[in-house]
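See below for the structure under consideration.
The values are calculated or read from the model by the stated rules, or taken from the named source; none is laboratory data. From a predicted model like this one, the values you see are computed outputs, not experimental measurements. Neighbour counts run over all protein chains shown; Cβ positions are idealised from the backbone, glycine included.
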Amino acid sequence: MAEVGPAPRELRVGIAQAGRRLDQVLAEALPEFSRSRIQRWIEAGQVQVEGRVRRCRDRVQVGERILCVPTSDPVGDDRAEAIPLTVVFEDSDLLVVDKPADLVVHPAAGNPDGTLLNALLHHCPALRHLPRSGLVHRLDKDTTGLLVVAKTLAAHTALVRQLQERSMHREYRALVNGTMRAGGRIEAPIGRHPVQRKRMAVVSSGRPAVTHYRILERFSAQTLIGVRLETGRTHQIRVHLAHVRHPLVGDPVYGGRPRRPKGASSTLIAALQGFPRQALHAVALGLTHPRDRTSLHFEVPLAADLAALIDTLRKEQNLDVDRTGLAGAG
């Protein structure tokens, strides 16, 4: 059952709002709430115009009295758990964390606890009263790096809008199989795989998805790239890179079995074959602070396991140069 929400809000329709949709007028008057939430209140009869329940699309007139009786989202029953968090930034509105590998973000079937959400509830119990406990985006279980959490309803609404407007900057480091020749842009719709329902795929009926990438470093059979998301579909980077035949190293779902460089040492072969997850790290995050509108930018180092794998590739590359007899040539 929903908890009692914020205090009722009352407003009068002015000249500028006359003739506009009820949900539009309320969304502008109550910016701390998302439009979808306001629409749910209207549909549930929690909004009245001159004492009458109206529809979202109904037009309002000058001088009409609108009464909105908000309610909170249902409070979840997820447990708070003392799971360590690496906090990169925190104030009264935001929390930015560096997520490790092997940590699910949301509880779900098969992972009812031991998640990032459970850790967040222990760190900040008030998050329980926010949608998704303040989480506005997610990372896959074995993707590491930066993730932002809202600590207030107003911050949650503002951050969701930034994601929808594509103004939140998210950059990743990815180690892919194969030698990529140049950076580029992948634009291909993503939806549920037609046969393997636990996978996503590029399908004509999918939602629009755009991924930008640039070359950072080439190795004999792998490439380190920087990836920037324009949209945020489930498994987007993993699906898009597999679609262009450069799947992430270590990706067990989308064909990331490592390619063995010609003449590779046993050390490199072991490092590639033993890498336990998709080689993907959310390295940078940029956003506008929801309260004071300042620009915030965060960066974190690569996760230790991915950094070690790249270091092994670099050392192998230097050995290959030495074998050619060209090392130190000028």
- So, in the range 25-53, of the ones that are over 35 Å from the mean Cα position of the chain (by Cα) and assigned to a loop (DSSP other than H, G, I, E, B), which residue ends up surrounded by the fewest Cβ atoms within 10 Å (Cβ to Cβ)? GLY51
- Message: Looking at ILE66, ILE83 in this structure, which one is surrounded by 13 or more Cβ atoms within 10 Å (Cβ to Cβ), in a strand (DSSP E or B) and not basic (Lys, Arg)?
- Response: ILE66
- Note on the range 10-46: residues of a type in the set (Lys, Arg) and modelled with pLDDT of 85 or more are ARG12, ARG20, ARG21, ARG40
- Task: Confirm whether SER220 is in contact with a Ser or Thr (Cβ under 9 Å, 6 or more places away or on another chain), over 30 Å from ALA27 (Cα atoms) and assigned to a loop (DSSP other than H, G, I, E, B).
- Result: yes
- Query: ARG170 fails exactly one of the following numbered conditions: (1) without any contact (Cβ under 8 Å) to a residue 60 or more places away in the chain; (2) under 30 Å from PHE219 (Cβ atoms). What is the number of that condition?
  - Reply: (1)
- Among the residues of the range 83-116 satisfying the criterion of being modelled with pLDDT of 95 or more and of a type in the set (Gly, Ala, Ser), which is farthest from the chain's Cα centre (by Cα)? SER92
- Conditions (1) surrounded by fewer than 20 Cβ atoms within 10 Å (Cβ to Cβ); (2) assigned to a helix (DSSP H, G or I); (3) touching a Leu at 6+ places or on another chain (Cβ under 9 Å); (4) in contact (Cβ under 8 Å) with a residue 40 or more places away in the chain -> ALA155 fails only (1)
- Does any residue of the range 133-146 turn out to be more than 27 Å from GLY226 (Cβ to Cβ) and in contact (Cβ under 8 Å) with a residue 12 or more places away in the chain? yes
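Can you name every residue in the range 223-261 that is among the β-branched types (Val, Ile, Thr) and either free of Cβ contacts under 8 Å to residues at least 40 places away in the same chain or in a strand (DSSP E or B) (or both)? Give the steps one after another, and end with the answer.
Within the range 223-261, the subset among the β-branched types (Val, Ile, Thr) is 223, 225, 227, 231, 234, 237, 239, 244, 249, 253.
Within the range 223-261, THR223, ILE225, VAL227 meet the criteria.
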